[in-house]
Each structure stands twice: as C-alpha cells, then as structure tokens.
1. Which residue is nearest to H191 (Cα to Cα), if the candidates are limited to region 126-160 and must be free of Cβ contacts under 8 Å to residues at least 12 places away in the same chain and hydroxyl-bearing (S, T, Y)?
2. With the condition kept exactly as written, say whether any residue in region 30-51 is in contact (Cβ under 8 Å) with a residue 40 or more places away in the chain and of a type in the set (V, I, T).
3. Name every residue in region 35-78 that is small (G, A, S) and touching a helix residue (DSSP H, G or I) at 6+ places or on another chain (Cβ under 7 Å), in order of residue number.
4. Can you tell me which residues in region 132-190 are of a type in the set (A, V, I, L, M, F, W, C), farther than 25 Å from S31 by Cα and crowded, with 23+ Cβ neighbours inside 10 Å?
5. Out of K67, K88, K72, report the one residue that is within 21 Å of the chain's Cα centre (by Cα), surrounded by 11 or more Cβ atoms within 10 Å (Cβ to Cβ) and without any contact (Cβ under 8 Å) to a residue 12 or more places away in the chain.
6. Among the residues that make up region 122-145, is at least one of them over 20 Å from F209 (Cα atoms), more than 13 Å from the chain's Cα centre (by Cα) and not in a helix (DSSP H, G or I)?
7. If T24 satisfies all but one of (1) surrounded by 11 or more Cβ atoms within 10 Å (Cβ to Cβ); (2) closer than 29 Å to R220 by Cα, what's the number of the condition it fails?
8. When the residues of region 146-158 are narrowed to those that are part of a loop (DSSP other than H, G, I, E, B) and polar (S, T, N, Q), which ends up modelled with the highest pLDDT?
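The values are calculated or read from the model by the stated rules, or taken from the named source; none is laboratory data. Values in this document were obtained by computation on a predicted structure and should not be read as measured data. Note: ideal-geometry Cβ built from the backbone for every residue, glycine included; neighbour counts use all protein chains shown.
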Amino acid sequence: MSKSILFLEKPQVKVAVRKVRNSTRLSLRVSSVNESVTLTAPVNTNQDVLLRFLESKENWLKENLIKISNKKVHVDIGGVIPIIGTRKHIEICSESLDVKIIGNSIRIPTTVSKPGLAIENYLKKLAKEEITSVANYYCNKLGVSYASIKLRDTRSRWGSCSSNSNLMFSWRIIMAPRNIIRYLVAHEVTHLKHFNHSKEFWFEVRSIFGSYENERNWLRTEGTNLHFYKFNG
C-alpha cells in the first residue's frame with residue numbers, strides 16, 4: 001500500500017492506493033460500510049496516471065459517496081432501530097433509570113446526554129447475553145466448548161473462531177432477526193469442531209441448526225445495512 005492521495009477539495013477525499021503485482025488495470029472502489037476509497041493499480045503506475053484516472057472518475061466518486069452517506073441512520077430520540085429484528089421506537093422516559101425495552105419502544109432516561117452511545121452500550125450488553133446463551137446451547141449439542149466470547153465492531157466479518165477456541169462476533173448482529181443470530185452463532189460454534197469449511201463442516205451446521213441457506217443469504221445481502229446505524233450522537 002503506497003501513500004494515500006488526497007483528492008477533491010470540498011469535501012476532501014482520502015484515496016488509499018493499493019499497488020498489486022498481478023494487476024493489469026486501474027480500478028476504484030468505495031466501501032459501502034465506512035466510505036473508504038481504494039484505488040487499485042499495477043505496481044509501476046506513476047502518480048500522474050493515478051491522478052488523471054481519479055479526475056476521470058470524479059463524478060462517479062461523488063455520486064457514490066453521496067449515496068452511501070444518505071443511507072446513514074443517526075440513532076437518537078425519535079428515531080427507530082431494529083433490535084433482534086423488531087423495530088423499536090426510541091423514546092425519552094423520565095421514569096426510567098436505565099435504557100430498557102418496553103413493548104415496541106426502547107426507553108432512554110432523561111439524564112442521558114448522549115442517547116446514541118447509551119443505546120450502543122445497551123445493545124452490546126444485550127448481544128453478549130444473547131450470543132452467550134445461544135453459543136452454550138449449540139456447544140452442548142455438539143459436545144464442544146469455547147475459551148471466550150468477545151464482541152467487536154468488525155467490518156469485514158460477522159464472526160470468527162480462532163485456533164485456540166476464542167469466538168468473536170460483531171455486536172451489531174443483535175439488530176438482526178433472531179434466526180440470523182442463531183445461524184451465525186451455530187456457524188462459529190461448529191468451527192470449534194471443524195476448523196474449515198469442508199462438507200463435514202456444513203453437514204454439522206445443518207445438523208444442529210437446520211437449513212441455513214436463507215440466513216446465510218440474508219447476511220450477504222442485508223447485513224451491510226446494520227453498519228449504517230451511527231451511535232455517536
């Protein structure tokens with residue numbers, strides 16, 4: 001990865017240049033998750049060529065950044081957020097001492113100065129409880145055990161299993177429907193027995209979870225939407 005290029009003026013865009021030995025052409029990619037821009041180019045491409053290519057893609061780049069920005073959902077009072085697949089209206093409540101779910105609403109105490117961050121912390125706690133419960137269930141079915149469960153805000157994967165039996169999940173999965181959460185956990189727990197994606201692995205996933213094709217497809221097609229929720233308000 002070479003040095004980044006600062007492109008455009010308002011707003012200025014940081015373009016990461018990725019020079020690949022086997023690359024034969026220039027290509028530009030905008031991440032739908034974090035709006036990062038990556039320019040892939042052959043190893044010996046000089047700076048002038050890179051800049052001319054970016055200039056030719058200026059309108060395309062602006063349009064795509066605007067599209068992605070418009071998908072952002074700023075979590076705050078009066079908004080709506082999915083929790084275990086159910087839409088919850090975010091409301092302020094003078095009688096609440098803690099963030100809590102009541103019916104189709106998530107209640108925020110009046111003393112909270114940053115509702116978005118309070119909801120994020122609540123979702124992390126809820127995710128840890130839900131994922132741990134589901135992981136224990138599938139571990140019992142498979143006769144395996146994990147060393148630890150950790151939550152992160154990962155962008156490239158929803159979960160993982162390390163060689164030393166540590167499970168990792170994106171806490172954002174708590175916004176997905178329950179069957180999606182259960183599939184994801186079943187998938188990673190199965191890696192405690194099969195550290196690969198062999199036929200035996202998928203057979204085992206099906207044996208403990210059932211048909212998983214719809215859930216797997218949901219993560220591929222709908223999962224990205226969970227990253228558009230911004231909690232820094």
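1. Across region 126-160, the extreme among qualifying residues is Y137.
2. yes
3. Selection gives A41 alone.
4. Within region 132-190, L167, V185, A186, V189 qualify.
5. K67
6. The answer is no; no qualifying residue exists.
7. So the condition that T24 fails would be (1).
8. Selected residue: T154.
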